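Novice: Got a structure for you, questions after.
The values are calculated or read from the model by the stated rules, or taken from the named source; none is laboratory data. Here the structure is a predicted model, which is why all the values come from computation and not from measurement. All Cβ positions, glycine included, derive from the backbone under ideal geometry; neighbour counts span all protein chains shown.
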Amino acid sequence: MAQVVSKGWVEGDPQRPNISLLRRIGYAGGDIGGNLGNSMILGYLMIFMTDVAGIGPALVGTVFLVGKLWDAINDPIVGALADHTNTRWGRYRPWVLFGAVPFALICIATFTTNLNWSYGVRAWWAFGTYFIQVLAYTCVNIPFSAQTAVMTLDPVMRGKIAGVRVSGTFFAMIVLSFCTLRIVEWAKNTTGSEARGYQLAAIIFSCLSIPFFVWCFFSNKEVVKIEHKKMHYKDMYKTLRNNAPFWQLFFMSLFGAGLQGGIGSLKVYYFRYVVGDMIALANDMTIGSIFGFLGCLSSSFWVSRYEKHKVLYIGFFCGAFFSIVAFFIPINTIWGLYMYYAVDVFRGYFGGLTLATQFGIFPDATEYTRYHHGIYASGFLSSLINFAYKFGAALMLSCSGWLLAAVGFVANQEQTPFTLMAIRAHHFVGAAFALAAGIIMTQYKLDRKTYTGLVEKLERGEYAPGVATQQD
């Protein structure tokens, strides 16, 4: 008879293994690899396009939005394909391994431009490489995210996995925050080319991403056994009906990403044109990433004591508060800059805490959906929730580009007071998105007791009344 152990895993149950810290760190390698490329895209591609490639901000904003509409098409397709992949390595792990090199190559191409090209060629190159990068990231990130649901059925262990996993995100962000702009400044001073600096940074970080993906592949196994059966896409979409937990997680993810996107997309412009010191930006982002890393590490402590949705809405509300405080800091004084750094200690911590907890709560919707609809759709649901997160961030990037165009922004020139005030307003936009995410999670009803009851019923072969299962 299986014996329940106090740590939350079940001795003798292969579907609830005690996943060691080393294996959890290995799984986090997938997030390190993905974010060495994708966080550079989110953090620096917009200013690279406007201030280096010389593309208008309105067009850049449109590129980001259309790119995420393309994401809306390929995300669920890749998720469904991953759900129906059947190899000796599992469903999801092969996508991470074989997608690593293409992902690295396209990230390098995205940060490549040539000012001798015509404006049209530069714009189409940026448009095309970004579209391909979106697909390449989907092919590694969606299966990687879905893998949590097949590593264990234990919700507490899933929370611990998510905490370490998202710590990988912030580890990558620490490296990027500290190094990227320093590499750019070094290349600009030695070669006279800012474009060469961004390309060099992309080459370094993209090449580093590959061994992390390989480490992720070899570190873990898919142990939750679900019978493979071919499903039509229309059956997958039926799982979204009357699926309140999924939709709450979907919109929470969308608005939660707005907090990150609202802060990140215009923060580079804020430091370049309001503060006038890009190394100060590197320092600030490094501080925020370090404390975001600590927030991730602490998530397992909080979710083992409190419901995950409560940790989320408290974290979002705190993040919104400190984002508003940051707006009123007189950052152009030395003490003001230090105060801004101090506030970003808290913004970073709560950002890391909420991000880790989000990824820990997402897989719970898999069992809810399976119980109420009879379909195992981890990859499909994960793809839609990941799309919401990516779309929320891209929406903020798009709005940032359109806002810059509307307020008269001109790249590499002194900005008007009105333009500078609009750039500073990104603090309020991020706070509004965080408040919306927090309010949504106050209404979340799939608590630990309810989830555990669903899993027990599924293990006995019980489903909601009238549900036809994949095995039928």
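Novice: Looking at Ala405, Ala432 in this structure, which one is surrounded by fewer than 20 Cβ atoms within 10 Å (Cβ to Cβ), part of a helix (DSSP H, G or I) and touching a Pro at 6+ places or on another chain (Cβ under 6 Å)? Working first, answer last.
Specialist: Details: Ala432 fails: touching a Pro at 6+ places or on another chain (Cβ under 6 Å).
Only one candidate qualifies: Ala405.
Novice: Looking only at region 66-85, count every residue that is closer than 25 Å to Ala394 by Cα and surrounded by 17 or more Cβ atoms within 10 Å (Cβ to Cβ) and tell me the total.
Specialist: 11
Novice: Could you grab me the full set of residues in region 86-99 that are crowded, with 17+ Cβ neighbours inside 10 Å and outside any helix (DSSP H, G or I)?
Specialist: If the condition is that a residue be crowded, with 17+ Cβ neighbours inside 10 Å and outside any helix (DSSP H, G or I), then Gly90, Arg91, Tyr92 are the ones that fit.
Novice: Sticking with this one: Which condition number in (1) of a type in the set (A, V, I, L, M, F, W, C); (2) out of contact with any Asp or Glu (no Cβ under 9 Å at 6 or more places or on another chain); (3) at pLDDT 85 or above is the one that Val467 fails?
Specialist: Condition (3) is where Val467 drops out.
Novice: Test each condition in (1) modelled with pLDDT of 90 or more; (2) under 21 Å from the mean Cα position of the chain (by Cα) for Leu42 and report the one that comes out false.
Specialist: Every condition holds for Leu42 apart from (1).
Residues are listed down the side, and each one gets a yes or a no for (1) on the phi < 0 side of the Ramachandran plot; (2) among the small types (Gly, Ala, Ser); (3) within 27 Å of the chain's Cα centre (by Cα):
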| site | (1), (2), (3) |
| --- | --- |
| Gly438 | yes, yes, yes |
| Met441 | yes, no, yes |
| Asp447 | yes, no, yes |
| Tyr463 | yes, no, no |
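Novice: For region 53-62, which residues satisfy the criterion of being in a helix (DSSP H, G or I) and surrounded by 23 or more Cβ atoms within 10 Å (Cβ to Cβ)? Spell out how you get there, then give the answer.
Specialist: Initial filter on region 53-62 (in a helix (DSSP H, G or I)): 57-62.
Within region 53-62, Pro57, Val60, Gly61 qualify.
Novice: Could you please find all residues in region 259-278 being modelled with pLDDT of 90 or more and over 18 Å from Phe178 (Cβ atoms)?
Specialist: Tyr269, Tyr270, Tyr273, Val274, Gly276
This table checks each residue for (1) under 22 Å from the mean Cα position of the chain (by Cα); (2) hydrophobic (A, V, I, L, M, F, W, C).
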| site | (1), (2) |
| --- | --- |
| Leu22 | no, yes |
| Met46 | yes, yes |
| Ala53 | no, yes |
| Pro57 | no, no |
| Pro76 | yes, no |
| Thr87 | no, no |
| Tyr92 | yes, no |
| Gly99 | yes, no |
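Novice: How many of the residues making up region 171-214 are of a type in the set (Phe, Trp, Tyr), surrounded by fewer than 20 Cβ atoms within 10 Å (Cβ to Cβ) and under 20 Å from the mean Cα position of the chain (by Cα)? Spell out how you get there, then give the answer.
Specialist: Quick first cut of region 171-214, residues of a type in the set (Phe, Trp, Tyr) only: 171, 178, 186, 198, 205, 212-213.
Next, from what is left, pick out any that are surrounded by fewer than 20 Cβ atoms within 10 Å (Cβ to Cβ): 178, 186.
Adding the requirement that they be under 20 Å from the mean Cα position of the chain (by Cα) leaves 178.
The number of residues fulfilling the criteria is 1.
Novice: Additional query: Out of region 35-49, which residues are in contact with a Gly (Cβ under 8 Å, 6 or more places away or on another chain) and either acidic (Asp, Glu) or surrounded by 24 or more Cβ atoms within 10 Å (Cβ to Cβ) (or both)? Walk me through it before giving the result.
Specialist: Step one: of region 35-49, the residues in contact with a Gly (Cβ under 8 Å, 6 or more places away or on another chain) are 35, 42-43, 46.
Asn35, Met46, listed by residue number.
Novice: Return the total of residues in region 435-452 being in a helix (DSSP H, G or I) and modelled with pLDDT under 90. Walk me through it before giving the result.
Specialist: Residues of region 435-452 in a helix (DSSP H, G or I): 435-441, 448-452.
Those left that are additionally modelled with pLDDT under 90: 448-452.
Of the residues in region 435-452, 5 are in a helix (DSSP H, G or I) and modelled with pLDDT under 90.
Novice: If you don't mind, another one. From the list Lys449, Lys390, pick out the single residue that is basic (Lys, Arg) and farther than 25 Å from Trp70 by Cβ.
Specialist: On the way: Lys390 fails: farther than 25 Å from Trp70 by Cβ.
So the residue among Lys449, Lys390 that is basic (Lys, Arg) and farther than 25 Å from Trp70 by Cβ is Lys449.
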